[in-house]
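Student: Can you keep this structure in mind? I'll have questions shortly.
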Amino acid sequence: MDSLSSMKDKSLLRVRGLHVNYRTEAGLLRAVNGVSFDIERGESVAIVGESGCGKSSVALSLLGLLSGRNIAIDGRIEFSGMDLRTLPRHRLQSIRGHKIAMVFQDPLTSLNPYLRVGTQISEPMRYHLGFSKAEARAHTIDLLHAVGINDPAASLKRFPHEFSGGMRQRTMIAAALSCSPDLLVADEPTTALDVTVQAQILDLIRRERERREMSLILITHDLGVVAGLCDRVIVMYGGQVVEESSAEQLYAEACHPYTQSLLRAIPRYDFKHSGPLFSLDGQPPDLIENLDGGCAFEPRCEFRKDKCVSEVPVLRLDSRGRKHRCLFELDLGTGLNVTKCHVDESSILKADLTDRPDAILTVEGLEVSYDGSGGLWFGRREPAVKAVNCVSLSLRKGETLGLVGESGCGKSTLARAVVGLVGAQAGKVSFEGNDLLTLSTAALRVVRREIQLIFQDPRSSLNPRLKAWELVSEPLVNFGLAKGAAALREAERLMELVGLDRSGLKRYPHEFSGGQCQRLGIARALALNPKVLICDEPVSSLDVSIQAQILNLLMELQASFELSLIFISHDLSVVRQISDRVAVMYQGRIVESADAEEIYQKPKHPYTRALLSAIPIPDPTVPGIRCQLHSPEETAVSDRSGDGCDFSPRCPWTRDRCRNEIPILDHDGSESQVACFFWKQHTEDPTRPKYPESIAHR
Amino acid sequence: MGHAPGKSRSPFARSITALLRNRLAAAGLFLVVIMSFFVTVAPWLSPDDPTEIRPWLGARPPGFQHPDCKSENTFSVGAQADTTQQILEAGEIRFAVEEGDSVTYRVVVRRGIIHRIMVVEGAVPMDTLDLSQFSGESYELLEEDRIGRKLPLVALNRGEAPPQGIFADGQRVIFIRLTQVSVPSVYDIRIEKNLVYSIDQDGESIDGIVLRGDTIKSITTGDRELVRFHWLGTDELGRDVLSRILYGGRISMLVGITATLVSLVIGVCYGAAAGYFGGRTDRFMMSIVDILYAIPFMFLVIILLVLFGRNIIILFVALGAVQWLTMARIVRGQILTLKEMEFIDAARVCGAQPITLIFRHLIPNCIGPIVIYATLTVPVVILEESFLAFIGLTVQYQGENLDSWGALIQQGMQALGAGGERHWLLVWPALAMATTLFGFNCFGDGLRDCLDPKTRRVG
């Protein structure tokens, strides 16, 4: 009895044999298939897996948020000794938001747009703790202060839409923390955020967790996020736990082949892979089909043996104290035994400027602004917003130019302006001697055949009412190059090129997985044999394992068709793997551009350095250095208006000159350019710490 | 491939499956299909010509039957007979005819003596009324031509006290119907190949006869009696109510569907153009819609119908012209959101021209809301047309009234009677219309549920 009660004291949450089934049109979808785990008081655990592995279903069922006649839940969920599944509704409600709190992925949709921020944060306190209005208000101000929102008292009165994404997520966290919960469930809390903001939010969660001695369940697909935050990691695959171990052990010696593949598939910004990226082939299992005997991961596993097909592995402790669901005791290491490679600087400088091929596409002084609303009948037009501000770029034949920046920095607008989807106000886009901006619509249409665009969201970029072959051959039909049976043949050839089976020709986009949809998009872009391919965040909505497949495909195609690529991404690690040169954009301007190796080894602009330092590294042994920027919303508006450097309000090294003068891209003699007055001081002054000391962590 | 094997299903096919699974929508669809089927096959299904008038019948309740003949059946030996097809084909046929007549008198007493006697038709005053004169029967006639007490066959003289049994206590005025009974006669007629071969009146051969429908008591051929059965009764002109409902439904449905198609074409093109071009064009085009919305359109339709005649084509255009406004708004809103989607940009990069964009990429993707709204427009138009018919603006085609359900309901209302005794004239057309409207509305709502992903249930 004693042992039992002490066990109960120790573990805050016990989940036993959790099953979640969804009844769908196609059949029973077994989203969660017998998951069991414990969370101890004060422990922080990550649940990791690709999309569709059931991790969100686990989180939602913990809070009793899954209900409805199409959902069947089975199993025990014990929280502080109470079975949450059999608890009456009112008691469950008194636990929800009070003892267990949740932070959702999308801070925009999880806040009620019609309620003031203050009301939403204080609501759980008034409901659960019985606070008076004044008490709740005082407490809310404290909370907002704790999560790092400037001027909390004024923020109470504001509405969610007045906040940026990062501030909204802070607000959500404040609301979740309001009743000092014992357990915080964070479902992909930073996935929708920029990398610099992500670093801040993770830091906030870590700090608050330690301060309140709260347990944390972090649900994420990003093993990088986990590394610095969690004690223990649960890896899920196909609705089952496939591996469970401490964070250090997992990163050091992952034993399930799936975990190991996940770790290997993550591109790392701190070294460049030689050759194609490791990619996990195949697709996650379709949970609608009955899982007939054998290991769920068997079809994708590179170590599979005959036994894997027939025997179902169970979660077990192996002889070395690792808990995993594999029939074998594989000793795989992490696959990350590539140590941080030190490119010798001479190789960078050696790059000969003369043997570089000519530029195929050049952009000079491009300006794109969006009109404000209003006009025609009444009201004034609001001032235009400059999305792209005096940008110059050149893309050489056969090279890949990476374009990096946070959301809203204008990188997508730049891509759209180059292909003529949005009009430019000033500047020049030259392609093979033609200025695209001055061409007539008809002439532009012909030139456009040479420049194709690949879109971010593979699903929404495919018309859902057209079949695959119609989609892929559409450019040919539009230009009158093929029709009917010829178009079908052409589509077959293109689909083969991007590694899609011809059986998919007559299928609709919704019948393809995300990665396959992106392959369709690439096939369509290749239909006209373009010379330039602009990829606008082509992998950012894909799972890590699929991401590597697509990147490899792009690199292969580039080599075989001598394509010139502009690769746009917010993910510096991905850009590093594919790019020859990299340009960093900030608020519509390019702040730094250089050879890829150089930019990752020797970043010059403070913004670039901040971006690099904010990337979570999937390795707890790498000391994380967090360069904390002021996030844009925290800077007073007055700081930003004016003629100075756009980055000055967030820059840790801002000086007077930065506030009064706009820096221009400065050639330092080589190919690299940087728009900062003081970069030399920052990088070369040995007395200065590499990053401001005050904000370095861990 | 990661998906389950099997036949590839288009978004359209998936919607149909979802629709049939939605009980409400399936029920609505069933009703709509049934009603449409009935009104479509009306000419084959309907037992009667809805315009055939039999004034002698008057309004009769459902289930009424009478000898099946025309209002005048002409037979003359050696010539073609003018009668119903059924009689022509019968060969040998026997008509039982009773030619009777009836006269209505008005008798007034004042201070205990008969003050005035008068034939109601023509207001002819008389001094003496002998009720036994025709060896017929006499009845008191009540309001609305109902037959009351049977009266004794006595004589009434002006200036004398009325005989016993005529006036009730305190009654001052009485209407008396005196029926004149004639001897029934039987006509045996032989018809061969549409030509009359012989006519026998009570066994005597005659050359020709005109038999009035109101005098024929029965028609028999062999041992079979020829009767016309009225499932839903007849109206005050003796027209078959069921036939009128079926034919009226054709008009209502035709108006509903055609006006919806008119609004669909105008609304979709206008809305798609406004949404696609956007900006200034959009604001201008939608301002026009707003202005048109401000016009009380029912009045406009009424004025149009009055000015240009109640032609059915005008009605289609007029009703369609009212409905397209909402359709234009819906389509424009959809196009505005769709236009921002990446696949439109993707198509543009692939060199798609505006026409391709609109008709291949944009409109097919807002087909859901369009279909839903169109389905919900049909009942609205049917209702509006009924309203017009109800206020007397019945549609006409080539000068002939086309009685839609609205018109039937209006006529039913007027013929209903103070106590609602001729209820079938109102109830059945109203029920037919209500069923159809209910069907369309259910179908539309069900469609919305299964085509609109936002309201779709999990799974």
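The values are calculated or read from the model by the stated rules, or taken from the named source; none is laboratory data. Everything quoted here is computed from the prediction, not taken from an experiment. Please note: Cβ atoms are built from the backbone with ideal geometry, for glycine as well, and neighbour counts cover all protein chains shown. Ligands, DNA and RNA are stripped out before the accessible areas are found, and what is left, the full protein with its side chains, is counted by its heavy atoms. Shrake-Rupley method; radii C 1.70, N 1.55, O 1.52, S 1.80 Å.
Student: Taking each residue in B:350-360, count the Cβ atoms of any other chain within 10 Å of its Cβ, then average. What number comes out?
Tutor: On the way: counts 17, 15, 6, 3, 0, 0, 3, 0, 0, 0, 7.
Per residue, the number of nearby Cβ atoms from other chains is 5 on average.
Student: Under 1.5 on a/c is rounded, so check that first for segment B:250-403, then, if it is not, pick prolate when a/b is larger than b/c and oblate when it is not; a ≥ b ≥ c are the square roots of the alpha carbon gyration tensor eigenvalues.
Tutor: Details: a/c = 3.03, a/b = 2.25, b/c = 1.35.
Prolate, since a/c reaches 1.5 and a/b exceeds b/c.
Student: Now, a different point. For segment A:148-218, evaluate the Debye formula with one uniform point scatterer on each Cα (no solvent term) and list log10 I(q)/I(0) at q = 0.12, 0.15, 0.21 Å⁻¹, rounded to two decimals.
Tutor: Those come out to -0.32, -0.50, -0.96, one per q.
Student: Same structure, new question: Take the Cα pairs of segment A:464-619, get the Kirkwood Rh, then feed it into Stokes-Einstein at 20 °C and 1.002 mPa s and tell me D in µm²/s. Don't skip to the answer; put the middle values down first.
Tutor: Details: Rh = 17.2 Å.
Approximately 125 µm²/s, per Stokes-Einstein.
Student: A follow-up question, please. Given the whole protein assembly as supplied and a 1.4 Å probe, what does the accessible area of residue A:127 come to in Å², nearest 10?
Tutor: 150 Å²
Student: Let me ask something else about it. Before I look further, what does chain B give for accessible area per residue, probe 1.4 Å, in whole square angstrom? Don't skip to the end; give the middle numbers.
Tutor: On the way: 23160 Å² over 459 residues.
Counting only protein heavy atoms, the per-residue value for chain B is 50 Å².
Student: What is the helix-to-structure angle for B:241-277, meaning the angle in degrees between its Cα long axis and the longest Cα principal axis of chain B, kept from 0 to 90 and rounded to the nearest 10?
Tutor: Between helix and principal axis, roughly 20 degrees.
Student: Next question, about the same structure. Between chains B and A, what is the buried accessible area summed over both chains (1.4 Å probe, protein heavy atoms, nearest 100 Å²)? Can you show the working numbers first?
Tutor: Details: alone 25170 and 31240 Å², together 52570 Å².
What B and A bury together is about 3800 Å².
Student: Can you tell which of A:282, B:211, B:184 lies farthest toward the positive end of the dipole of the protein assembly as shown, using +1 and -1 charges on the Cβ of basic and acidic side chains (Lys, Arg; Asp, Glu)?
Tutor: The one lying farthest along the dipole's positive direction is A:282.
Student: Calculate the dipole size of segment A:153-215 relative to its Cα centre from +1 charges on Lys and Arg beta carbons and -1 charges on Asp and Glu beta carbons; express the result in debye to the nearest 20. Don't skip to the answer; put the middle values down first.
Tutor: Values: 9 positive and 9 negative charges, 57 e Å.
Dipole size: approximately 280 debye.
Student: Apply the Karplus parameterisation 6.51 cos²θ - 1.76 cosθ + 1.60, with θ equal to phi minus 60°, to every residue of segment B:287-299 and state each ³J(HN,Hα) to the nearest whole Hz, in sequence, with x for glycine and proline.
Tutor: Working through the residues one at a time gives 5, 4, 4, 4, 5, 4, 4, 6, 7, x, 6, 4, 5 Hz.
Student: If you don't mind, another one. What's the local net charge at residue B:98, with K and R +1, D and E -1, over the other residues with C-beta under 12 Å away? Numbers along the way, then the final one.
Tutor: Working: positive: B:212, B:217; negative: B:99, B:101, B:214.
Net of charged neighbours comes to -1.
Student: Residue A:150 to residue A:367: extension gain in nm, 0.36 nm per residue of separation minus the Cα-Cα distance?
Tutor: On the way: separation 217, 0.36 × 217 = 78.12 nm, distance 3.32 nm.
Contour length minus Cα-Cα distance gives 74.8 nm.
Student: Next up: In what sequence, largest accessible area first, do A:543, B:188 appear using a 1.4 Å probe?
Tutor: Details: A:543 25, B:188 50 Å².
The ranking, largest first, comes out as B:188, A:543.
Student: Is segment B:158-312 best put as rounded, prolate or oblate by its Cα gyration tensor, with a ≥ b ≥ c the root eigenvalues, rounded for a/c under 1.5, and otherwise prolate when a/b is larger than b/c, oblate when not?
Tutor: oblate
Student: Please calculate the 1.4 Å probe accessible area of residue A:501, with all protein chains present, and give it to the nearest 10 Å².
Tutor: Residue A:501 exposes around 80 Å² with every protein chain in place.
Student: I want the local charge near residue A:456. Using Cβ-Cβ distances under 13 Å, sum +1 for each Lys or Arg and -1 for each Asp or Glu among the other residues.
Tutor: Details: positive: A:411, A:416, A:459; negative: A:457, A:536, A:537, A:571, B:342, B:345.
Result for the local shell: -3.
Student: Consider all pairwise Cα distances in the protein assembly as shown and report the whole-number % of them above 60 Å. Intermediate values should be presented prior to the final figure.
Tutor: Values: 231536 of 668746 pairs.
For the protein assembly as shown, the share of Cα pairs beyond 60 Å comes to 35 percent.
Student: How long are the semi-axes of the ellipsoid equivalent to segment B:102-180, from square roots of 5 times the Cα gyration tensor eigenvalues, in whole Å, largest first? Intermediate values should be presented prior to the final figure.
Tutor: On the way: eigenvalues 57, 38, 33 Å².
Taking √(5λ) for each Cα gyration eigenvalue gives 17, 14, 13 Å.
Student: When you have a sec, figure out the Kirkwood radius of segment A:1-144 from all distinct Cα pair distances and drop it here in Å to one decimal?
Tutor: Details: mean 1/r = 0.0574 Å⁻¹.
Kirkwood radius, segment A:1-144: 17.4 Å.
Student: Once Lys and Arg get +1 and Asp and Glu get -1 on their Cβ, which of A:441, A:533, A:144 lies farthest toward the positive end of the dipole of the protein assembly as shown?
Tutor: A:144
Student: When the Cα atoms of chain B are enclosed in a convex hull and the volume is divided per residue, what value in Å³ results? Display every interim value, and only then the final one.
Tutor: Values: hull volume 116.9 nm³, N = 459.
Output value, Cα hull per residue: 255 Å³.
Student: State the percent of C-alpha pairs, over all pairs in segment B:1-141, separated by a distance greater than 28 angstrom. List each step's numbers first, then the result.
Tutor: Numbers: 6113 of 9870 pairs.
Tail of the P(r) past 28 Å holds 62 percent of the pairs.
Student: Next up: Calculate, in whole percent, how much of the Cα-Cα pair population of segment A:107-178 lies beyond 16 Å. Walk me through the numbers on the way to the answer.
Tutor: Numbers: 951 of 2556 pairs.
Value for segment A:107-178: 37 percent of Cα pairs lie more than 16 Å apart.
Student: At 1.567 mPa s and 4 °C, plugging the Kirkwood radius over alpha-carbon pairs of segment A:425-544 into Stokes-Einstein gives what diffusion coefficient in µm²/s?
Tutor: Values: Rh = 15.1 Å.
The estimated diffusion coefficient comes to 86 µm²/s.
Student: Around residue B:311, which amide H atoms from residues at least 5 apart in sequence, or from another chain, sit under 5 Å from its own amide H, with H modelled in the peptide plane?
Tutor: Excluding prolines and chain starts, which carry no amide H, the hits are B:396.
Student: Give the Rg/Rh ratio for segment B:343-382, taking Rg as the radius of gyration of the Cα atoms and Rh as the Kirkwood radius, to two decimals. Don't skip to the end; give the middle numbers.
Tutor: Working: Rg = 14.3 Å, Rh = 11.5 Å.
With Rg and the Kirkwood Rh in hand, the quotient comes to 1.24.
Student: Shifting gears a bit: Just list whichever of A:133/A:157; A:411/A:506; A:55/A:99; A:411/B:339; A:411/A:467 have alpha carbons separated by over 25 Å in the model shown. Mind showing how you got there, number by number?
Tutor: On the way: A:133/A:157 14 Å; A:411/A:506 35 Å; A:55/A:99 21 Å; A:411/B:339 20 Å; A:411/A:467 31 Å.
From the list (A:133/A:157; A:411/A:506; A:55/A:99; A:411/B:339; A:411/A:467), the Cα-Cα distance tops 25 Å for A:411/A:506; A:411/A:467.
Student: First measure r as the distance between the Cβ atoms of residue A:446 and residue B:287, then evaluate 1/(1 + (r/R0)^6) with R0 = 35 Å and state the FRET efficiency to the nearest 0.05. Can you show the working numbers first?
Tutor: Working: r = 37 Å, r/R0 = 1.06.
FRET efficiency, residue A:446 to residue B:287: 0.40.
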